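The values are calculated or read from the model by the stated rules, or taken from the named source; none is laboratory data. On a predicted model such as this, the values are computed, not experimentally measured, just so you know. Note that we place each Cβ from the backbone using ideal geometry, even for glycine, and neighbour counts take in every protein chain shown.
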Amino acid sequence: MDILQYDFMRRAFLVGLMLAVIVPCIGVVVVLKRLSMLGDALSHTSLAGVAAGLVLGINPIVGAVVMCVISALSIEAIRKKLPKYAEMAIAITMSAGVGLAGVLSGFVKSAANFNSFLFGSIVAISDFEMLLVCLISLAVMLAFVLLYKELFYIALDERAARLAGVPVRTVNFIFTILTAITVSVAARTVGALIVSSLMVLPVACAMQVSRSYKQTVFVSVLFGLFFIIGGLFLSYYAGLKPGGTIVLMGVASLILLLLGKGALGRRA
């Protein structure tokens, strides 16, 4: 295929395929825990890490990972302090991250480098960034598989999971770290402003056709692969931005599924 004759497109496909697997897996747990806005908050906060990395002369993805981990742990800490208003933790952390990103961006010499993280630049992934994404993706996949049953329990009911002997606090801590690093590496590809969409849309589509947790995980990964592969092909041949194209494919798929499901319901 013409599209795979270029090194940058081969790197884009490899990174895209890795993220298409790990992002929906994390997204299933996030959605079931009713924390859909968590990805949005972390992705916005990652911009502060990107700006800090550019200012300090380190790789922006490394800066984004560090900042996302700090932010995710902060959200968990605030949620424990304000259990009745847990959603405030997300808003507070996102506000702090956006404010810090706004201040630090004023010290970035190259605005183009910073702006590339807003809407993603999967075709501009360097060899080091590709290696970093692959290593992180493998680590996240391994952790998800090893903690599959525990994550299932805490996603459905944390109180019941605690009664069943699941170390909820430890599992939540590990999941928080996994979410943070997943969001930070995904922000480089589809963009910090829309990475939460890639986390939620495959899951939302999968929930329309799945009947169990296991099916939802599997089908959401299939949808993630479809969005990224289809989005890369469409953006390449139509001359569109890859990040936005991937997300719009997800939105269009969800709309079609909802319309189809509604039509079947009326016919029944």
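Scanning the range 27-43 for residues that are under 17 Å from V190 (Cα atoms) and crowded, with 24+ Cβ neighbours inside 10 Å yields G27, L38, G39, A41, L42, S43. Considering only residues in the range 45-103 that are surrounded by 15 or more Cβ atoms within 10 Å (Cβ to Cβ) and among the charged types (D, E, K, R), the one that is nearest to S184 (Cα to Cα) turns out to be E76. Within the range 189-210, residues that are farther than 18 Å from M94 by Cβ and at pLDDT 85 or above reach partners that are surrounded by fewer than 20 Cβ atoms within 10 Å (Cβ to Cβ) and among the β-branched types (V, I, T) with beta carbons closer than 7 Å, at six or more positions or on different chains, in the pairs L201/V251. Give the range 211-230 a look and list any residue that's crowded, with 20+ Cβ neighbours inside 10 Å and either in contact (Cβ under 8 Å) with a residue 24 or more places away in the chain or outside any helix (DSSP H, G or I) (or both), or say none. T216, V217, S220, V221, F223, G224, F227, I228, listed by residue number. Scanning the range 104-121 for residues that are loosely packed, with under 11 Cβ neighbours inside 10 Å, small (G, A, S) and at pLDDT 70 or above gives G106, S110.
Mind checking which residues of the range 68-101 are under 15 Å from H44 (Cβ atoms) and of a type in the set (G, A, S)? Across the range 68-101, the qualifying residues are S71, A72, S74, A89, A91, S95, A96, G97, G99, A101.
If you go through the range 169-176 one residue at a time, do you hit one that is closer than 12 Å to G39 by Cβ, of a type outside the set (V, I, T) and within 17 Å of the chain's Cα centre (by Cα)? Scanning the range 169-176, I find no residue that is closer than 12 Å to G39 by Cβ, of a type outside the set (V, I, T) and within 17 Å of the chain's Cα centre (by Cα), so the answer is no.
In this structure, L132 does not qualify as in contact (Cβ under 8 Å) with a residue 12 or more places away in the chain, closer than 19 Å to R34 by Cβ, within 17 Å of the chain's Cα centre (by Cα) and surrounded by 15 or more Cβ atoms within 10 Å (Cβ to Cβ). Checking each residue in the range 232-268 for being at pLDDT 90 or above, under 27 Å from F144 (Cα atoms) and of a type in the set (G, A, S) picks out G250, S253.
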